[in-house]
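Q: Pasting a structure here, questions to come.
The values are calculated or read from the model by the stated rules, or taken from the named source; none is laboratory data. Since the structure is predicted, the reported quantities are computational estimates derived from the model, not experimental observations. Cβ sites come from the backbone with ideal geometry, for glycine too, and all protein chains shown count toward neighbours. With ligands, DNA and RNA removed, areas are computed over all heavy atoms of the protein, side chains included. Shrake-Rupley method; radii C 1.70, N 1.55, O 1.52, S 1.80 Å.
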Amino acid sequence: MLDEDIELAKQARLNSYSPYSNFQVGAVLRTKSGKVYLGCNIENHGIQGICAERTAFAKAISEGEKEFKSITIVGGKKGEEPTDECMPCGYCRQFISEFVDDEFKIRVIGKNNTIEEYTIKDLLPYGFKL
Ligand code: ZN
């Protein structure tokens, strides 16, 4: 499997600060204009850590980005290859749903080292809306 965004996500994963879980996650957020924003999970003593997906979105949105094409996520135990199906947590699914359309792809490594793609409606069919 040779995929540019998977490789970038693996690089982003190396910056993970996860001394409590030892579970390192990297994400690559691609905008519709082709820009790329990397994210990793960042933990702390409390419970206010941030996931790789939201790190990438926070970086992009704070730089003025508004239109997103895809996010690619890899994660696994420190020192090991990424596991399959490192899916966004519930909090990230709700967060992502705020900023993406139905074409947006959420990409993860699947079984047998394939790449699986989901839409936000696949992962959050009944998201909260005011
Ligand atoms: Zn999350």
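Q: Please determine whether any residue of the stretch 65-72 is buried (at least 16 other Cβ atoms within 10 Å of the Cβ), within 13 Å of the ligand (Cβ to nearest atom) and within 13 Å of Val36 (Cα to Cα).
A: First, the residues of the stretch 65-72 that are buried (at least 16 other Cβ atoms within 10 Å of the Cβ): 65, 68-72.
If we keep only those that are within 13 Å of the ligand (Cβ to nearest atom) as well, we get 71.
Subsequent filtering for residues that are within 13 Å of Val36 (Cα to Cα) retains 71.
Checked the stretch 65-72: at least one residue is buried (at least 16 other Cβ atoms within 10 Å of the Cβ), within 13 Å of the ligand (Cβ to nearest atom) and within 13 Å of Val36 (Cα to Cα).
Q: Restricting attention to the stretch 91-102, report how many residues are open to solvent by less than 70 Å² (accessible area, probe 1.4 Å) and among the acidic types (Asp, Glu).
A: 1
Q: For residues that are within 15 Å of the chain's Cα centre (by Cα) and either polar (S, T, N, Q) or open to solvent by 60 Å² or more (accessible area, probe 1.4 Å) (or both), tally how many sit in the stretch 22-34. Steps first, please.
A: Of all residues in the stretch 22-34, those within 15 Å of the chain's Cα centre (by Cα) come to 23-31.
Add one more test, that the residue is either polar (S, T, N, Q) or open to solvent by 60 Å² or more (accessible area, probe 1.4 Å) (or both), and what stays is 23-24, 31.
Residues in the stretch 22-34 being within 15 Å of the chain's Cα centre (by Cα) and either polar (S, T, N, Q) or open to solvent by 60 Å² or more (accessible area, probe 1.4 Å) (or both): 3 in total.
Q: Filter the stretch 1-16 down to the residues that are surrounded by 22 or more Cβ atoms within 10 Å (Cβ to Cβ) and not in a loop (DSSP other than H, G, I, E, B) and list them by number.
A: Of everything in the stretch 1-16, those that are surrounded by 22 or more Cβ atoms within 10 Å (Cβ to Cβ) and not in a loop (DSSP other than H, G, I, E, B) turn out to be Ala9, Ala12, Arg13.
Q: Among the candidates Pro88, Pro19, single out the residue that is modelled with pLDDT of 95 or more and exposed (fewer than 11 other Cβ atoms within 10 Å of the Cβ). Show your work before the answer.
A: Numbers: Pro88 fails: exposed (fewer than 11 other Cβ atoms within 10 Å of the Cβ).
Just one listed residue meets the conditions, Pro19.
Q: Out of Ile109, Ile120, Ile115, report the one residue that is touching a Pro at 6+ places or on another chain (Cβ under 7 Å) and more than 12 Å from the ligand (Cβ to nearest atom).
A: Checking each option against the conditions leaves just Ile109.
Q: Would you please list the contacts, defined by Cβ atoms under 9 Å and residues six or more apart or on different chains, that run from a residue in the stretch 44-63 that is closer than 17 Å to Gln94 by Cα and open to solvent by 60 Å² or more (accessible area, probe 1.4 Å) to a residue that is away from the ligand (no atom under 15 Å from the Cβ) and modelled with pLDDT under 95?
A: No pair meets every condition.
Q: Being closer than 18 Å to Ile120 by Cα, within 16 Å of the chain's Cα centre (by Cα) and of a type in the set (Ser, Thr, Tyr) narrows it down to one residue among Tyr17, Tyr37, Tyr91; which is it?
A: Going through Tyr17, Tyr37, Tyr91 in turn, the sole match is Tyr91.
Q: Mind listing whichever residues of the stretch 37-94 are in a helix (DSSP H, G or I), in contact with a Cys (Cβ under 7 Å, 6 or more places away or on another chain) and not hydroxyl-bearing (Ser, Thr, Tyr)?
A: Scanning the stretch 37-94 gives Ala52, Glu53, Arg54, Cys92.
Q: Please work out which residue is surrounded by the most Cβ atoms within 10 Å (Cβ to Cβ), limiting yourself to the stretch 116-130 and to residues that are in contact with a helix residue (DSSP H, G or I) (Cβ under 7 Å, 6 or more places away or on another chain) and not in a loop (DSSP other than H, G, I, E, B). Steps first, answer last, please.
A: Within the stretch 116-130, the subset in contact with a helix residue (DSSP H, G or I) (Cβ under 7 Å, 6 or more places away or on another chain) is 120, 123-124, 127-128.
With the extra rule that they be not in a loop (DSSP other than H, G, I, E, B), the set shrinks to 120, 123.
Numbers: Ile120: 23, Leu123: 16.
Among them, the one singled out is Ile120.
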